[in-house]
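Just below is one structure, and these are the notes that go with it.
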Amino acid sequence: RGDIAAIRVNVILTQPTRDKWERGSVSNEVVKRPLGTVPVEPNGSVAFRAPANVPLQLQALDANGMAVMTMRSCVYLQPGETQTCIGCHEQRTETPPGGGGPVRIRDIKPSPGVDYDNQGFSFTRTVQPVLDQYCIDCHGLGRQTEEGRSAPRDYIFALPEATGERNDFQRMPVSYSALVSNARPRLAHRNSETTTSLPRDYFSHACPMPPMLLEGHRGVELPQEDFERIVTWLDMNCQCYGVYGC
């Protein structure tokens, strides 16, 4: 009680074809786009206007904008429909408790970052600018690795020579691969997730990087909006590209 400060609303983008390129480190990841957040009222309730005709995912956030729990299914609304969470989380034979006062219906506040229009969350468009501003001086390209080799300058995954065979991996930025490898976020991989959700079991809360950034890493203090960009990426299951095409 009292831990949840906001709800993040994500749009799930349906896959138009059977075959697709991989969108990041998680195989068969479903592309998502964060619409924004809605604050939770003092009595624990939340009500907001949501778009119709698209699948929606909900994430319960703490005061730092980090997902404490993530919905594993989706919500779908028809135009003009009103839907509540009452009914799935209560006993079928009991009436729901009183709301404690008039319901305030809010609009969704857009998440920080670019306007994705109809595309999904993009690491290169939302997170990379933060890295370029605050991290590139110490962790930039051209730095020597511990083995004495120069860091690669373009992509961590290189596509093979054209052989006519299908290749499932799109090129990933070095910065993306480095963060996934070194920050060690706990990702939800297809067919290997836990059977029961627990608070803070995946994504930003299961990664050592956000606490380090909140404390200030080597004198670098991120503004809240830039910190939100990074934790949103972690809570998106570290999605790299926001489209299904190449």
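The values are calculated or read from the model by the stated rules, or taken from the named source; none is laboratory data. As the structure is a prediction and not an experimental result, all values here were calculated from the model. Here the Cβ is made from the backbone with ideal geometry for all residues, glycine too, and neighbour counts use every protein chain on show. Protein only, heavy atoms only, side chains kept; ligands, DNA and RNA dropped before computing areas. Shrake-Rupley method; radii C 1.70, N 1.55, O 1.52, S 1.80 Å.
Please go through the range 39-54 and give me each residue that is touching a Gly at 6+ places or on another chain (Cβ under 8 Å) and farther than 14 Å from residue 5 by Cβ, ordered by number. If you could, list the steps in order and put the result at the bottom.
Going through the range 39-54, the residues touching a Gly at 6+ places or on another chain (Cβ under 8 Å) turn out to be 43, 45, 52.
Listed by number, the list holds a single entry, 52.
Which condition number in (1) farther than 30 Å from residue 30 by Cα; (2) at pLDDT 80 or above; (3) open to solvent by 100 Å² or more (accessible area, probe 1.4 Å) is the one that residue 138 fails?
Single failed check for residue 138: (3).
Residues in the range 189-246 that are of a type in the set (Phe, Trp, Tyr) and over 18 Å from the mean Cα position of the chain (by Cα): how many? First the steps, then the outcome.
Of all residues in the range 189-246, those of a type in the set (Phe, Trp, Tyr) come to 202-203, 227, 233, 241, 244.
Next cut, over 18 Å from the mean Cα position of the chain (by Cα) only: none.
Looking only at that region, the number is 0.
Mind checking which residues of the range 201-211 are assigned to a loop (DSSP other than H, G, I, E, B) and either more than 11 Å from residue 235 (Cβ to Cβ) or open to solvent by 60 Å² or more (accessible area, probe 1.4 Å) (or both)?
The initial filter retains those residues of the range 201-211 that are assigned to a loop (DSSP other than H, G, I, E, B), namely 201-202, 207-208.
Hits for the range 201-211 are 201, 208.
Within the group 222, 179, 198, 214, which residue is of a type in the set (A, V, I, L, M, F, W, C), open to solvent by 40 Å² or more (accessible area, probe 1.4 Å) and either in a loop (DSSP other than H, G, I, E, B) or over 18 Å from residue 68 (Cα atoms) (or both)?
None of the others qualify; the one that does is 198.
When residues of the range 105-127 are filtered for being at pLDDT 90 or above and among the polar types (S, T, N, Q), how many remain?
Looking only at that region, the number is 1.
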